[in-house]
1. Mind checking the angle between helix 98-117 and the chain's longest principal axis? C-alpha axes, 0 to 90 degrees, to the nearest 10.
2. Grab the DSSP H runs of the chain that are 4 residues or longer, score each as -39,500 (n - 2.57), total them, divide by all residues and round the 222 nm result to the nearest 500 deg cm²/dmol.
3. Of the candidates Met148, Met112, Met79, which one comes out as most mobile in a Gaussian network treatment of the chain with C-alpha springs shorter than 10 Å?
4. Please list, in chain and number order, the residues 5+ apart from Ile161 or on another chain whose amide H is under 5 Å from its amide H, with Hs placed from the backbone.
5. Using Cα springs under 10 Å in a Gaussian network model of the chain, which residue among Ala39, Ala146, Ala103 shows the largest mean-square fluctuation?
6. Provide Lys121, Lys51 in ascending order of the number of other Cβ atoms located within 10 Å of each residue's Cβ, fewest first.
7. Could you please rank Glu15, Glu142, Glu95, placing first whichever residue has the fewest other Cβ atoms within 10 Å of its Cβ?
8. Report the residue, chosen from Val88, Val32, Val101, that carries the largest GNM mean-square fluctuation when the chain is represented by alpha-carbon nodes joined by springs under 10 Å.
Amino acid sequence: MYAQESDVAALDSVELSERLSAVVRESMPWLVTVSDAEASVPERPGKWSAKQVIGHLIDSAVNNLGRVIRLQIGTGQSMPGYEQVAWVNLQHYSEREWAQVLALWVALNEHMAWTVGHIEKAHLGDVGSVAGESLTLGFLIEDYIAHMLHHLRLMRVWLGIGDKVE
């Protein structure tokens, strides 16, 4: 988990949507300065490249979008985790053009933000579990955003672009 759970009563789906959109909007100016060649080089041996990190965030979007929908359909759902390394490897993000990887990441997160912005406030407190961990829908979304920020901050540092997402 990457976020601290907020008081669900204080959460607002429109604000969560705007927060998610802001992460994408504020990250794109520096992400597009990374060349395809730079995005193809792993941080260090045994680690992912920028293409693979963004691919991982794409996989996170796909999996978490499904969770967001499922928790609104019915509280108490038990949802699996996913094999993150296998997902990245099987989709061959390292072989795609950087611009294509970024475009998919942006499109999925714009859709996620759209979907989150339309969640009824009462559903933000709906409880389910992911990989055996109990959580609310609101926390799932907050953690999704914090997870994305975590990876973007680290990536920005090892790419030598700066130490934070502005």
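1. Value to nearest ten degrees: 10.
2. Value at 222 nm, helices only, nearest 500: -19500 deg cm²/dmol.
3. Answer for the Gaussian network model of the chain: Met79.
4. none
5. Ala103
6. Ascending number of Cβ neighbours within 10 Å: Lys121, Lys51.
7. The fewest-first ordering by Cβ neighbours comes to Glu95, Glu15, Glu142.
8. Highest fluctuation of the listed residues: Val32.
Read the figures in this text as sums done on the coordinates, not as results from a lab. Keep in mind the model is a prediction, meaning the values are calculated, not measured. Methodologically, a virtual Cβ is constructed for each residue, glycine included, from the backbone with ideal geometry; neighbour enumeration extends over all protein chains shown.
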